[in-house]
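Asks: Following this message is one structure expressed as structure tokens.
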Amino acid sequence: MKYQSQAVAKPYFIAAIGLFLGQILFGLIMGLQYVVGDYLFPAIPFNVARMVHTNLLIVWLLFGFMGAAYYLIPEESERELYSPKLALAMFWIFLVAGAATILGYLLVPYATLAEMTGNDILATMGREFLEQPLPTKVGIVIVALAMLFNLSMTVLKGRKTAINLVMLLGLWGLAIFFLFSFYNPANLVKDKFYWWWVVHLWVEGVWELIMGAMLAFVLIKVTGVDREVIEKWLYIIIAMALISGLIGTGHHYYWIGTPEYWQWWGSVFSAMEPIPFFMMTLFAFNMVNRRRREHPNQAAVLWALGTGVMAFLGAGVWGFLHTLAPVNFYTHGSQITAAHGHMAFYGAYAMVVLTMISYTMPILRGREANSRKAQVMEMWAFWLMTIAMVFITLFLTAAGILQIWLQRIAAEPMGFMAAQDQVALFYWMREITGLVFFTGLTLYIVSFFVKGEEARAS
Amino acid sequence: MSSAFTKSAARNIFYGGAVFFFLLLVGLSFDTMQTLPKRDNRENLNESAIRGKHIWETRNCIGCHTLLGEGAYFAPELGNVYTRRGPDFIKAWIQSQPTGVPGRRQMPNFNLTDAQLDDLVEFFKYTAGIDTAKWPPNIEG
Ligand code: HEM
Ligand code: HEM
Ligand SMILES: [Fe+2]
């Protein structure tokens, strides 16, 4: 660690991992409810488990992004963080707000929660991913603004590099587009239209900047490749991300009451969205092949390469699979969407946060890299989680193809519930694979407690 | 990448591209808003339907169902449920939940009043009238 204040990243990363574990537990509950419909009913209805699962995902990724920012911005700016105290205060505010929100979902009927938290003053709740009560949404904005102030002051007074500028720009974008979550018109078409300005413009827009900056930072550190080269790649990747992804929003405007020209705009531009993800794969492999040093943290190198590959598969390949309007007509809102959502979120954002954690955590704990033994365990965790996610995606894709065939294409279309019964086998396999994922995650957490002799550069 | 292509060239493409395509998105969105009155069935978005949307949101129905293909994939599509089932079925269905059939996916009972059920039905009538470019492929959603 070059600067003392980088240490504030540590609680952020620990919280991220803890919430990740919670996310997976609720994923497993839902996976079982898919096949044993009355499991835990009425204590935890499916929709409640789903809110917990997806909201924990978003919150832990945000913790990961923030921790990453507090670590890399001082190092890139070559100075201490403007205010480590503010960063720590925001950590606790965010953690308490997050925990209270999740408990609210679990303990209070949603309608009561809405009433208690002022949803009648400004109705924002009850939309997918944006289920948070108003005070939580306001809290997210406050935490984000305080962080942006803190980081911007640090960068303004320090060295400006492509990496810290892109990271900062990505985080500003994240905060700004989140503001659309406060706009919820009664007109359903408009509601849906601007809902995507949060969801799509996050994952296929500004988050790619954050991801690119994090990946570039770790690659510089573990490969020792010249900064000029890495930063040039970074700019090209994020340029392609926004050039394709902004108008690519149109792939969500095919069937929600918006004009039909979106079928053209959306198909053409979103068909180009895999390009930046493919470039990230090339980027990671290229830099590692051209490395000028053997970094002792081989686990971090593995995570960085894995992110490149899995982001391309999940976002690029599985995204392309259903993004053209004539295909999306059949796949829209099916298990294909779920398959893509899982591999894309895991492969891009979960893995880039885990890459950053893998690289920084040993340093935050006072060593360049973990012991060989701990790293081997971490790499086992990498393979278990990643391979499990590949199979979860394949099973959901199989379920999706059958579902579409039975319910939407067959001459005598089956009802939704009947079609679900037909594909139950795949849901069972998804659940079992989910247990493998859980095993991998457990091993990952255990790897933090494995001692042994510190690994050194060879 | 070749060294003739410099970092600052890459940076300029990024900033130029981002600004240009963001403005294009804003422009297309502006045009969309102009076109919507022809497609979004706003003439049927009455007070009752607006209340229905609020009930839909505050019960988190989207956490199990899709609506125009967006939401969760655990329970049937409801954007066209008004056409598929009709108002009476919808009301009776919501009132009689949960089915309690062992092992079958369950929908909670939300203890809605008759007026609230009417609002929900009005909301579904409004959603079913939105011009969705012929989606879903058939009545099953
Ligand atoms: C890391 C980046 C990405 C993430 C995290 C991601 C995640 C998601 C998620 C969670 C959904 C479901 C949204 C909902 O609940 O309605 C979704 C939908 C979709 N995504 Fe992505 N995505 C990414 C990149 C891409 C790319 C690059 C493409 C195209 C090439 C793409 C194409 C689509 C399409 C067409 C849908 C709509 C599916 C439907 O009609 O049901 N995604 N994405
Ligand atoms: C490992 C075990 C997991 C299981 C069994 C599981 C199960 C589920 C289930 C049943 C849903 C709801 C699907 C529906 O709406 O019907 C869901 C949604 C979701 N899960 Fe998971 N999940 C797991 C892990 C993960 C991981 C690791 C991630 C990402 C890092 C993730 C991200 C998501 C997302 C983004 C959604 C919303 C998808 C959409 O709207 O299309 N899940 N999950
Ligand atoms: Fe998208």
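The values are calculated or read from the model by the stated rules, or taken from the named source; none is laboratory data. Just so it is clear, the model here is predicted, and its values are computed rather than measured. All Cβ positions, glycine included, derive from the backbone under ideal geometry; neighbour counts span all protein chains shown. What goes into the accessible areas is simple: the full protein's heavy atoms, side chains included, and nothing from ligands, DNA or RNA. Shrake-Rupley method; radii C 1.70, N 1.55, O 1.52, S 1.80 Å.
Asks: Label-point separation (nm) for A:Val138 and B:Asn46, each offset 7 Å from Cα along Cα-to-Cβ?
Replies: Going by the 7 Å Cα→Cβ label model, 3.6 nm.
Asks: If you stretched the chain out fully between B:Lys38 and B:Ser8, how much longer would it get, using 0.36 nm times the residue separation minus the C-alpha to C-alpha distance?
Replies: So the extension gain works out to 6.2 nm.
Asks: I'd like the distance between the alpha-carbon centres of the range A:240-284 and the range A:115-149, rounded to an integer number of Å.
Replies: That distance is 28 Å.
Asks: Have a look at A:Val446, A:Leu282, A:Ser77 and report the one farthest towards the positive end of the charge dipole of chain A, computed about the Cα centre with Cβ charges (Lys/Arg +1, Asp/Glu -1).
Replies: A:Ser77
Asks: Using alpha carbons only, how many degrees (0 to 90, rounded to 10) separate the axis of helix A:274-289 from the longest principal axis of chain A?
Replies: Between helix and principal axis, roughly 30 degrees.
Asks: May I pose another question? Given the range A:1-150, what whole percent of its Cα pairs are spread farther than 22 Å?
Replies: Working: 5149 of 11175 pairs.
Here the tail beyond 22 Å accounts for 46 percent of pairs.
Asks: Give the lysines reachable from A:Lys221 as a straight Cα distance under 29 Å; neighbours fewer than 8 places away on the same chain don't count.
Replies: Result set, ordered by chain and number: A:Lys2, A:Lys10, A:Lys85, A:Lys157, A:Lys160, A:Lys232, A:Lys373, A:Lys451, B:Lys7.
Asks: Please list, in chain and number order, the residues 5+ apart from B:Arg104 or on another chain whose amide H is under 5 Å from its amide H, with Hs placed from the backbone.
Replies: Amide H neighbours of B:Arg104, under 5 Å, 5+ apart: A:Gly37, A:Asp38.
Asks: Okay, moving on. As an exercise, find the ratio Rg/Rh for the range A:383-447 from alpha-carbon atoms, using the Kirkwood inverse-distance average for Rh.
Replies: My calculation of the ratio gives 1.17.
Asks: Sticking with this structure for a sec: Partner chain Cβ atoms within 10 Å, averaged over the residues of B:41-54 - can you pull that number for me?
Replies: Rounded to a whole number, the mean comes out at 3.
Asks: Still on this structure, please answer the following. Picking from B:Val121, A:Gly173, A:Leu134, whose Cα lies most toward the positive end of the charge dipole for the protein assembly as shown (charges on Cβ: Lys, Arg +1; Asp, Glu -1)?
Replies: Final value for the positive-end residue is A:Gly173.
Asks: Cβ under 15 Å from A:Leu40's Cβ, A:Leu40 left aside: what net charge do those residues give with Lys, Arg +1 and Asp, Glu -1?
Replies: Spelling it out: positives minus negatives among the neighbours equals +1.
Asks: Could you report the accessible area of A:Thr331 in Å², rounded to 10, computed with a 1.4 Å probe on the protein chains as they sit in the structure?
Replies: Taking all protein chains as shown, A:Thr331 has close to 10 Å².
Asks: Per residue of the range A:383-397, in order, report the coupling 6.51 cos²θ - 1.76 cosθ + 1.60 (Karplus, θ = phi - 60°) as ³J(HN,Hα) in whole Hz, putting x for Gly and Pro.
Replies: Calculated HN-Hα couplings, in order: 5, 4, 5, 5, 5, 4, 5, 4, 6, 4, 5, 5, 5, 5, 5 Hz.
Asks: What's the Cα-based Rg to Rh of the protein assembly as shown, Rh via Kirkwood?
Replies: Rg/Rh for the protein assembly as shown comes to 0.96.
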